Amino acid sequence: MNENVMIICRCEEVTYHELVSTATKYKCSARELKLRTRAGMGYCGGRTCRTMVEKIAQSMGTNTPTETNISLKVQPPIRPVSFENLGRISK
Amino acid sequence: MKHINHRDVVVIGGGIIGAAIAYYGSKSGLEITVFEKNELGSGTSSKCDGDILAVDKDPGFNSQMALKSQKLVHELHTELDTPFEYRNYGSILVCENDMELEAAQKWVKQQQNAGLDFRMLDREDLRNESKYFADDLLGGLECQTDSMVNPYLFTYSLFEGAKRYGAHIHTHTEVVNLYKNQAKQFVIETNQGTFTANKVVNACGVWAPFIGKMLDIDIPIKPRKGQIIVASRQKPVGVRNVMEFGYLISKFGGERKVDPLIEKYGVALVMEPTESQNFLIGSSRQFNGYETKVDNEVMKCIAHRAVRFYPKIADMTVIRAYAGLRPWTADHLPIISQVEAIPGFYIAAGHEGDGISLAAITGKLIEEMINETNTSVPIEPLSLNRFHASLEHSFD
C-alpha cells in the first residue's frame, strides 16, 4: 500500500503524506500539526489517530517534549452527545 | 554568563494581537522580535470563535473601529499567503421577544447613523435564513460587513507574513523580568536569556497585567471565562454567524428575561458555521480567575439555549467543548496605548471577546504609534489614562 495515500485521521480524512509534509514545512508541534491539518479534530476526538499524529511530529524532530510542550489534550465530552441529552437541565 | 541581545521593538505575546502587530510592524520596516511563553496562538486565540464582527460593537467609535478592522482583514485575505478560511457573508442577531425587537430597532438606527451597513430582518427573512430556527422568533437584524475566519490559522498566517518581512519569532520564551536600565533601554529577562530593546509592546491579553506589574504599571484587565461547544457536521444549519440579541445585553451587562442559570453563566446563543462544516455554539461569560476547565453545567446551559433557538438540532451531536479567557476591561474597549510614565512602552490588550475582530486595526494602530504617523482611528478612547483619570474623578 502506498503510504502517501494512507489515511491517518479517518474522521477528517487526513493522509500520512499530508501530515508528514505539513510537519516538514512548518517544523511544528503535534498541537500545531493537528490544528493545521485537522487530524484528530473529528467525530472520534482523536481516539484513533492521536498517538500517530504525535509520533509523526516527533519523528520530524519538532515535538521534543519539554516542560511547555505537552502532548495532545483530550477535551470533554467523553463520547459524542446529542444537544437534547446534553441540554436537559434538571430543575 | 549572560548573552546580551539588543532588539529594536520587542512584542511580548504570540497570540492574534502580537501576530497583527508583528505583521504590520515588520511590513512598515520596523525590526520586530516576538516572545511567546508557549506556542503561537496557544492562549485565548485558539480558545475562541472566529467572528470578525461589527454587529455587537457599541454604535459609534467602537463599531467604526470594527468596520476599519473588517476592511483590513478583507485586504489581508488576499495579501497573506496562507489561507485562513475567510468568509464575508455578514451576520445576524435574532430577537425572541418584543423588548428585544424594540432594542434591535434602536441599535440598527444608531449603527446606520454611525455609517454601518445594518438592516432589520422580519420573520420571513429568518425563515429564509435557516429552516432550523424556532418558529416563534420575531425577527432580527443583519450586519452586511461581518465576516468569519479560523482564528488560529489567521494567527499563523499573520506570523508567517511577519517572518517574510524579517520579524524574529521566539516561542517557548517566557519573560520573567522587565525593567529600564540607566541607558534608558528595556532589559527583558527571559528563560532563554536576557535581551535589551528600545521599545516594548505588551500584547499579552489576559496576562498583560503581569507584564505591567514588572514595570509598576496597573493594567485593569480581568479574565472573563467563556465556553464553546463544537457540533459535528450533519446538515447545514446556516451559512453565516448568528447570535441572539440577548448576547449584547449579556456582554454590556443589562437585564434579560431568561432562566436564572442562563443569567448566572451569562449564556447567550452564538452559532458560527466553520469551513469544516462543523458549527461552534456559544457562549458563556464568567469571572472565575484564570482557570480554563470546561464546566459541565455551563456546557449544558449552552446546549439548552441552542435548542431554544434551533429546536430541530436536538438530535445533532456535540463532539467537543473548550474554554478560554477573554481579557475584559470595564468599558469594553481595548487598551491600545502608549504608557506616558514609561516612554517606549506600549499596551495592546484588553479586547474582551473582540480580539479576532479588532486584531488587524490594533496591529495597524501600534505600528502607526511607533512610527509616529497619523493613526487610522482616534486613539484617545483607547488610552490607558482613561481608567486612571476616571479613578481620580471618583475621589473628587
Determine, yes or no, whether residue B:58 is within 22 Å of residue B:276 (Cβ to Cβ), crowded, with 19+ Cβ neighbours inside 10 Å and either assigned by TED's automatic domain parsing to the domain that holds residue B:132 or in contact with a helix residue (DSSP H, G or I) (Cβ under 8 Å, 6 or more places away or on another chain) (or both).
-> no
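Are any residues in the range B:387-396 in contact with a strand residue (DSSP E or B) (Cβ under 9 Å, 6 or more places away or on another chain) and either modelled with pLDDT of 95 or more or among the aliphatic types (A, V, I, L, M) (or both), and if so, which ones? Step through it out loud before you land on a result.
Applying the first criterion (in contact with a strand residue (DSSP E or B) (Cβ under 9 Å, 6 or more places away or on another chain)) to the range B:387-396 yields B:387.
Within the range B:387-396, no residue meets the criteria.
Counting only residues that are among the charged types (D, E, K, R) and surrounded by fewer than 16 Cβ atoms within 10 Å (Cβ to Cβ), which one in the range B:276-313 is farthest from the other protein chains (Cβ to nearest Cβ)?
Initial filter on the range B:276-313 (among the charged types (D, E, K, R)): B:285, B:291, B:293, B:295, B:297, B:300, B:305, B:308, B:312.
Restricting the remaining residues to those that are surrounded by fewer than 16 Cβ atoms within 10 Å (Cβ to Cβ) gives B:291, B:293, B:297, B:312.
Details: B:291: 15, B:293: 9, B:297: 9, B:312: 10 Å.
The residue in question is B:291.
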Hits in the range B:253-275 (condition: more than 14 Å from chain A (Cβ to nearest Cβ) and surrounded by 15 or more Cβ atoms within 10 Å (Cβ to Cβ)) = B:256, B:266, B:268, B:270, B:272, B:273
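Residue by residue, here is whether (1) within 14 Å of another protein chain (Cβ to nearest Cβ); (2) surrounded by fewer than 20 Cβ atoms within 10 Å (Cβ to Cβ); (3) under 16 Å from the mean Cα position of the chain (by Cα) holds:
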residue: B:30; (1), (2), (3): no, no, no
residue: B:47; (1), (2), (3): yes, no, yes
residue: B:67; (1), (2), (3): no, no, yes
residue: B:104; (1), (2), (3): no, no, no
Which numbered condition trips up residue B:233, out of (1) assigned to a helix (DSSP H, G or I); (2) closer than 30 Å to residue B:88 by Cα?
-> (1)
Only one of these conditions is not met by residue B:107: (1) without any contact (Cβ under 8 Å) to a residue 24 or more places away in the chain; (2) more than 15 Å from residue B:13 (Cβ to Cβ); (3) assigned to a helix (DSSP H, G or I). Which number is it?
-> (1)
Of those in the range A:1-52 that are touching a residue at least 40 places away in the same chain (Cβ under 8 Å) and assigned to a loop (DSSP other than H, G, I, E, B), the residue surrounded by the most Cβ atoms within 10 Å (Cβ to Cβ) is A:29
Could you check how many residues of the range B:132-148 are in a strand (DSSP E or B) and either touching a residue at least 60 places away in the same chain (Cβ under 8 Å) or not small (Gly, Ala, Ser) (or both)?
-> 6
Residue B:327 vs (1) at the interface with chain A (Cβ under 10 Å from one of its Cβ atoms); (2) of a type outside the set (Asp, Glu); (3) crowded, with 22+ Cβ neighbours inside 10 Å; (4) in a strand (DSSP E or B): all pass except (1)
Please indicate, with yes or no, whether at least one residue in the range B:1-21 is away from every other protein chain (no Cβ under 14 Å), without any contact (Cβ under 8 Å) to a residue 40 or more places away in the chain and surrounded by fewer than 21 Cβ atoms within 10 Å (Cβ to Cβ).
-> yes
Tell me, yes or no, whether the range B:50-59 has at least one residue that is within 14 Å of chain A (Cβ to nearest Cβ) and outside any helix (DSSP H, G or I).
-> yes
Can you name the residue in the range B:149-175 that is small (Gly, Ala, Ser) and either assigned to a helix (DSSP H, G or I) or crowded, with 24+ Cβ neighbours inside 10 Å (or both) and, of all such residues, is nearest to the other protein chains (Cβ to nearest Cβ)?
-> B:157
Would it be correct to say that residue B:200 is of a type outside the set (D, E, K, R), at pLDDT 95 or above, in contact with a strand residue (DSSP E or B) (Cβ under 6 Å, 6 or more places away or on another chain) and not assigned by TED's automatic domain parsing to the domain that holds residue B:41?
-> no
When the residues of the range A:53-76 are filtered to those that are in a helix (DSSP H, G or I) and surrounded by fewer than 18 Cβ atoms within 10 Å (Cβ to Cβ), which remaining residue is modelled with the highest pLDDT?
-> A:55
Taking the range B:2-37 and the residues there that are out of contact with any strand residue (DSSP E or B) (no Cβ under 8 Å at 6 or more places or on another chain) and assigned to a loop (DSSP other than H, G, I, E, B), the one that is farthest from residue B:88 (Cα to Cα) would be B:29
Complete set of residues in the range B:189-211 that are under 20 Å from the mean Cα position of the chain (by Cα) and at negative phi = B:201, B:202, B:203, B:204, B:206, B:207, B:208, B:209, B:210, B:211
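The values are calculated or read from the model by the stated rules, or taken from the named source; none is laboratory data. Keep in mind it's a predicted model, so treat the numbers as computed, not measured. Backbone-built Cβ (ideal geometry, glycine too); neighbour counts: all protein chains shown.
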